[in-house]
Structure formats: structure tokens, C-alpha cells
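Inspection log for the structure reproduced underneath, given as C-alpha cells.
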Amino acid sequence: MELLTLSSVRTHNFNDLKILEKIIGLWRNGGKMLETLNYHGDRYALYHEYESDYDGEYTLTLAIPTEGLSDTLLEDREAIVSLDPEVSYQAFEVDPFDPNGVIAMWQEIWTLEEEGKLQRAYGIDYEKYSVDGSVTIYIGLAK
């Protein structure tokens, strides 16, 4: 799958005092871009460029699928991210009734990793925000 990147921030889960401000700004800026594009489909939040593991810095990028977008939008190939089809992902469904469901699921993922029950690749992980309101977190697995 190819995704067009819209906006990115560099942050750290535990040492960045402005993490919420950065993430809110990312979604706000991305939302403005989506309005300009008149895009109403699925949205992706990519976690990539990991410094080490979940306890290090990473880049968070808002993106949308390239399918159906105009050629003009796709001219800048540097704005395109391709998910490696060789990477296996484990899907984690977020509780749609929990307003903190995404954060709670990430905490569960980190616990599984600490317990040795999840071996992450730390390439590209992503959250898929579907038009039906569901959210799924996909974690790339180590080979």
C-alpha cells in the first residue's frame, strides 16, 4: 500500500513535554489539508524512524492512501510512503467506546512487548482510522 504523507512531527512518548501539543497540531494541520483536498476516506497515523524502541524518539506522520488521488498530488515521490508487503503485522482493535482507547491499546502493546509476547520490527507501525469510526493499530513484527 502506498500512502501520501501530509504532516509529520518528531516526538518521544515519555520525555517530550509538548507531545500532546505536537500531536494535536499534527491532526489539526492534517485536517486542514484533508479539507483542502476534499478527502473523506480512511486516515493513517504512521509511527516510523524509530530511534530505538518505544522508549526512544520517533516520527509520527499523518497520511492517506494514494489510490484515487490526482496525479498532481502524487508528483512529489518523496511524500509517498510504501508499506513493505513482506512485513507481517499484528492488528490490535481499539475499543470504540473508550475515549482513551488508542492510548490504552498502546499501553497494552508496550506491556506485551515487555513480557516478551510481542517482537516488534520497529520499521513502520500505523493506526488506521476508518471512515466507519473504527481504529486499528498495526504493529510490524520482527522476522
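A short reminder: the numbers here are calculations on the coordinates, not readings from a lab. Because the structure is a prediction, the values reported are computed rather than measured.
Principal-axis analysis of the Cα atoms of the chain puts helix 101-114 at an angle of about 50° to the longest axis.
Only lysines eight or more places from residue 128 in sequence, or on another chain, were considered; those with a Cα closer than 23 Å are 22, 32, 117, 143. The helix-based estimate of mean residue ellipticity at 222 nm for the chain, built from -39,500 (n - 2.57) per DSSP H run of four or more residues and divided by its residue count, is -7500 deg cm²/dmol to the nearest 500.
For residue 18, the aspartates and glutamates whose Cα comes closer than 14 Å to its Cα, not counting residues fewer than 8 places off in the same chain, are 57. Among the listed values (i) 173; (ii) 118; (iii) 85, the one computed from these coordinates for volume of the Cα convex hull per residue in Å³ is (ii). Rounded to the nearest 10 degrees, the inclination of helix 19-37 to the longest alpha-carbon principal axis of the chain is 30 degrees.
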